[in-house]
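Take a look at the structure below.
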Amino acid sequence: MSDQIYRVYVERKKGFDLQAEGVLSDLKNYLGITSLKTLRILNRYDILGIDEAITERALKEVFCEPQTDDVYREDFPMSSLEKSFGIEYLPGQYDQRADSTQQCLQLINPLLKPKVKTAVIYVVNNDILPSELEKITSYLVNPVDSRLAVLGKPDKLDEQIQDDINIEYLQGFSNFSKLQMKELYNKLSLAMSFEDFLFCQEYFQKEKRDPSMTEIKVIDTYWSDHCRHTT
């Protein structure tokens, strides 16, 4: 297969663009964005590992419903009165849309091993105030899992995820006295009981290592009253 990256945009046709209408209403009424007059939403797909024939077939069978969607190759129409920004998942975050697209492409040809990266492109009127555009992006971007997307097409879809070399470990945790454990327990403001915290210490003593702060926080989250019934 070609090493070319194919780019596809999909936009709901007028009358079917309910999501765009809903977001526009929220931004104008909830955030009070007075200079926002129009808003369009397009789903962007960057695909590697397919060829031109598969792309053309997928335009009709995978990416859109011809009755309700407009689909564009490489670029989409935008007037001089409009400007755009995009939002994409952070590296390492699960992208359900990309995963589903990959599976659909493999239904066309099971031998394919495509890579797909998606983003949501927002198109707004060009005369929106910069301060209000900043409020919009802050509202739409969840920094926990998303970021503003680069609008240009990438040279590759693989992203290197840097390991965090500043992992915080609870040094001495396995050998803490009960009093030290109590002081640490109070400092961390954990949802688990102190007895559960001591049980964690017993586990890491058997592992013959100290836990990271992340490990303790994950255990605490899944042992909280909110999550315990599902785990």
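Values for this structure:
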quantity	calculated
With DNA, RNA and ligands ignored, accessible area of THR214 (1.4 Å probe; Å², nearest 10)	90 Å²
Solvent accessible area, Å² - SER189, 1.4 Å probe, full protein context	100 Å²
Protein accessible area in the chain, 1.4 Å probe - carbon and sulfur %	52 percent
Point-charge dipole on Cβ atoms (K/R +1, D/E -1) for segment 82-142, about Cα centre, debye to 20	340 debye
Probe 1.4 Å, accessible area per residue of segment 102-154, Å²	58 Å²
Loop GluC sites (Glu not before Pro), segment 1-96, which have at most 15 other Cβ atoms in a 10 Å radius of their Cβ (DSSP)	GLU74
Rounded if a/c under 1.5, otherwise prolate or oblate - segment 41-97, Cα gyration tensor axes	oblate
On Cα atoms only, tilt of 18-29 relative to the major axis of the chain in degrees	70 degrees
Segment 1-83 shape via C-alpha gyration tensor axes, a/c threshold 1.5	prolate
In degrees, nearest ten, helix 52-61 long axis to first principal axis of the chain (Cα)	90 degrees
In segment 165-220, the GluC sites (Glu not before Pro) that fall in loop regions by DSSP, at most 16 other Cβ within 10 Å	GLU168
Positive-pole candidate from LEU184, SER35, THR137, dipole of the chain, charges at beta carbon	SER35
Exposure ranking of TYR122, TYR30 by accessible area [1.4 Å probe, largest first]	TYR30, TYR122
Segment 70-114 shape via C-alpha gyration tensor axes, a/c threshold 1.5	oblate
Accessible-area order (highest first, 1.4 angstrom probe) of the listed residues LYS60, LYS187	LYS187, LYS60
Acute angle (nearest 10 degrees) that the helix 130-140 long axis makes with the longest principal axis of the chain, alpha-carbon atoms	60 degrees
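The values are calculated or read from the model by the stated rules, or taken from the named source; none is laboratory data. Small disclaimer: the values here were computed from a predicted structure and weren't measured. Ideal geometry is used to build each Cβ from the backbone, glycine not excepted, and the neighbour counts take in all protein chains shown. The protein model used for the area step is the full one, side chains on, heavy atoms only, and it has no ligands, DNA or RNA in it. Shrake-Rupley method; radii C 1.70, N 1.55, O 1.52, S 1.80 Å.
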